[in-house]
1. Just the residues that are part of a helix (DSSP H, G or I) and surrounded by fewer than 21 Cβ atoms within 10 Å (Cβ to Cβ), please, taken from the stretch 146-160.
2. Is at least one residue of the stretch 182-199 out of contact with any helix residue (DSSP H, G or I) (no Cβ under 7 Å at 6 or more places or on another chain), under 23 Å from residue 132 (Cβ atoms) and in contact (Cβ under 8 Å) with a residue 40 or more places away in the chain?
3. Here is a list: 226, 237, 247. Which entry is buried (at least 21 other Cβ atoms within 10 Å of the Cβ), on the phi < 0 side of the Ramachandran plot and touching a residue at least 24 places away in the same chain (Cβ under 8 Å)?
4. Give the stretch 165-191 a look and list any residue that's touching a strand residue (DSSP E or B) at 6+ places or on another chain (Cβ under 7 Å) and part of a helix (DSSP H, G or I), or say none.
5. Only one of 143, 69, 124 is more than 24 Å from residue 17 (Cα to Cα) and buried (at least 19 other Cβ atoms within 10 Å of the Cβ). Can you tell me which?
6. Given (1) touching a strand residue (DSSP E or B) at 6+ places or on another chain (Cβ under 8 Å); (2) modelled with pLDDT of 95 or more; (3) surrounded by fewer than 21 Cβ atoms within 10 Å (Cβ to Cβ), where does residue 7 come up short, assuming only one miss?
7. Name every residue in the stretch 55-85 that is in contact with a strand residue (DSSP E or B) (Cβ under 8 Å, 6 or more places away or on another chain) and over 16 Å from residue 29 (Cα atoms), in order of residue number.
């Protein structure tokens, strides 16, 4: 079905369309962002190029607009929350905006996929376990000191693993996003193994992975944080890489090597795997039915 036929004009629900990238393999879905900005402040964030680098702020009249949108939206498609501004920033603990949104979504019977670094998601296990849902948690490293630099406002990696354990114990299907894999920083086999083993032990049976795709602002931040690696990144991305749809992509052979490490470990652990916006096809790079983890929703309550 043509995307133009699937989507109608809505207020806060949006068709997920990552700049019409030909490399995107996501199924048709809605994207929902309760907040603008993001307090996690990740150095590698792609969204800062258009939403800025600022704390999370609730959208005006968000819940009212969402309630109206859900009356018109296509219930055959799932809602992905969120794809640019994390739905579980620190502000959510007192504002409860995401929690209230989940109640509305559950009431209308929509499926929801949570994409987050926020360990606070485990607070909402009661709602998520009662509806058709799944949670994919982004964990880039278990090295707390590295994570504090890369993701200064996000919960610690161990807190995220604990959140996955709590969700899984409550019956919520969970998956892992090892995204991004950054050359020379979190790409060694030991680091990757630690992350995948921790997620698998928590109950995750799916991992989606992606290489770091540099934007001008994110590359600048990374270079400021790691000046000793800046020259190597400039060589990989700006000199040898490819500029595509607003990103510098590392050379394809390098990206394949990085992601093959993740996939080899995922296979050993019996995890499904997928890659995200890499332009890679075939069983070598995909064993899961979906790249975003939305197939996990069917493992929950119907």
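1. 146, 148, 149, 158, 159, listed by residue number.
2. So far as the stretch 182-199 goes, no, none of its residues is out of contact with any helix residue (DSSP H, G or I) (no Cβ under 7 Å at 6 or more places or on another chain), under 23 Å from residue 132 (Cβ atoms) and in contact (Cβ under 8 Å) with a residue 40 or more places away in the chain.
3. After applying the criteria, what remains is 247.
4. Matches in the stretch 165-191: 167, 168.
5. 124
6. Unmet condition: (2).
7. Scanning the stretch 55-85 gives 56, 57, 58, 59, 85.
Rundown of residues vs (1) part of a helix (DSSP H, G or I); (2) under 26 Å from residue 160 (Cα atoms); (3) in contact with a strand residue (DSSP E or B) (Cβ under 6 Å, 6 or more places away or on another chain); (4) free of Cβ contacts under 8 Å to residues at least 60 places away in the same chain, yes/no style:
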position: 210; (1), (2), (3), (4): no, yes, yes, no
position: 222; (1), (2), (3), (4): yes, yes, no, no
position: 233; (1), (2), (3), (4): yes, no, no, yes
position: 267; (1), (2), (3), (4): yes, yes, no, yes
position: 273; (1), (2), (3), (4): no, yes, yes, no
position: 282; (1), (2), (3), (4): no, no, no, yes
position: 288; (1), (2), (3), (4): no, yes, yes, no
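The values are calculated or read from the model by the stated rules, or taken from the named source; none is laboratory data. Keep in mind that what you see is a predicted model, and the values were worked out from it rather than measured. Reconstructed Cβ throughout: ideal geometry from the backbone, glycine too, with neighbour counts over all protein chains shown.
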